[in-house]
1. With all distinct Cα pairs included, what does the Kirkwood hydrodynamic radius of the range 65-152 come out to in Å, to one decimal, could you say?
2. Show log10 I(q)/I(0) for the range 13-136 at q = 0.18 Å⁻¹, two decimals, from a solvent-free Debye sum over equal Cα scatterers.
3. Multiply the residue gap between Lys123 and Leu47 by 0.36 nm, knock off their C-alpha separation, and tell me the result in nm, one decimal place.
4. Taking only Cα atoms, what is the 0 to 90° angle, nearest 10, from helix 221-231's long axis to the longest principal axis of the chain?
5. Helix 121-137 against the longest principal axis of the chain: what's the angle in degrees, Cα atoms only, rounded to the nearest 10?
6. For the chain, find the longest principal axis of its Cα atoms and tell me its angle to the long axis of helix 255-267, 0 to 90°, nearest 10.
7. About its Cα centre, what dipole magnitude does the range 17-169 give when the only charges are +1 on Lys and Arg Cβ and -1 on Asp and Glu Cβ, stated in debye to the nearest 20?
8. For the chain, please report how many Lys pairs fall under 17 Å Cα to Cα, leaving out neighbours fewer than 8 apart on the same chain.
Amino acid sequence: MNNIHDFLEEIPVSVKNFIPVRKRLFVGLLGASVLGAGALLAGIWLLAINPTRTVFDQILLIVLTVLLMGGTALATMGIGGIILTILYSKDITAFHGPIRIAVSLFFPIVLVIGKILHIDSEKIKSSFIEVNNDLVRSKALRLKPAQILLLAPHCLQNSDCPYKITVNIDNCHRCGKCPVNDLLELRDACGIKMGIATGGTLARKYAQEYRPRAIIAIACERDLTSGIQDTSPIPVLGVTNERPFGPCFNTSVKIPDVEKAVNFFIAEGNYETASCDQ
Ligand code: SF4
């Protein structure tokens, strides 16, 4: 290894890529929000040790500092866990709790920081979905098809279709005018469960009814973000829908992306060889 070029060549691709660009946004903002919490912590600590405060004020501020310190330390561990999981594509059980705390406690702050920095919230949510999907893919899952729930949004249905598929998805006459037809074919070929949801309430109802071990959710960035957090700790692979006519109207989805997600859960990530009818 003679020069810096040789050195760089020696670095494994996984380390060079470290965290792919689309995931960096969420991880970076999460890091910034935890740093912000650290600064707030330092401020409260300085107030607490100020001798002009009454003993009651000092105790209150010290309790607040300890609570914040605990949350920030766990969130820092969570960010470390996210980075290590993405880097090594391995699920590390010890980080599950801290990752959950980092995401649930700091996600709203991430969005606020993004707003201050004029970053489109859809971009941040999309980055979060990518990070979430990587975390899910790091798990060694091999499920039975019936343990997998495919949740699709109502806006995939052709707006001229007269059939009420939210009541019963098999009311679809499979005319092929919208992706519901392809998704039903996938459901039948794989033996997975499927539901069409008009919103979070119906999605939660399906999750309670089918008690899945894993969910594949098709939705926009906003609904996927809230759905992933709502159903935690059930692993959710999110597939973003396409909106050629604007939001919530005659939307579409890339069926191969949905198939990939189904095959991941059934065949432990072996996309190439897995097929639903195996
Ligand atoms: S595929 Fe089914 S849901 Fe879609 S338009 Fe045809 S009948 Fe309606």
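Each value in this text was obtained by applying a stated rule to the coordinates, not by laboratory testing. Being a predicted model, the structure only gives us computed values, none of them experimental. So basically every Cβ, Gly included, is an ideal-geometry build from the backbone, and we count neighbours across all protein chains shown.
1. After inverting the pairwise mean of 1/r, the radius is 14.6 Å.
2. -0.92
3. Using 0.36 nm per residue and subtracting the Cα-Cα distance, I get 23.6 nm.
4. Here the helix axis deviates by roughly 80 degrees.
5. 80 degrees
6. Helix 255-267 sits roughly 70 degrees off the main axis of the chain.
7. 400 debye
8. 13
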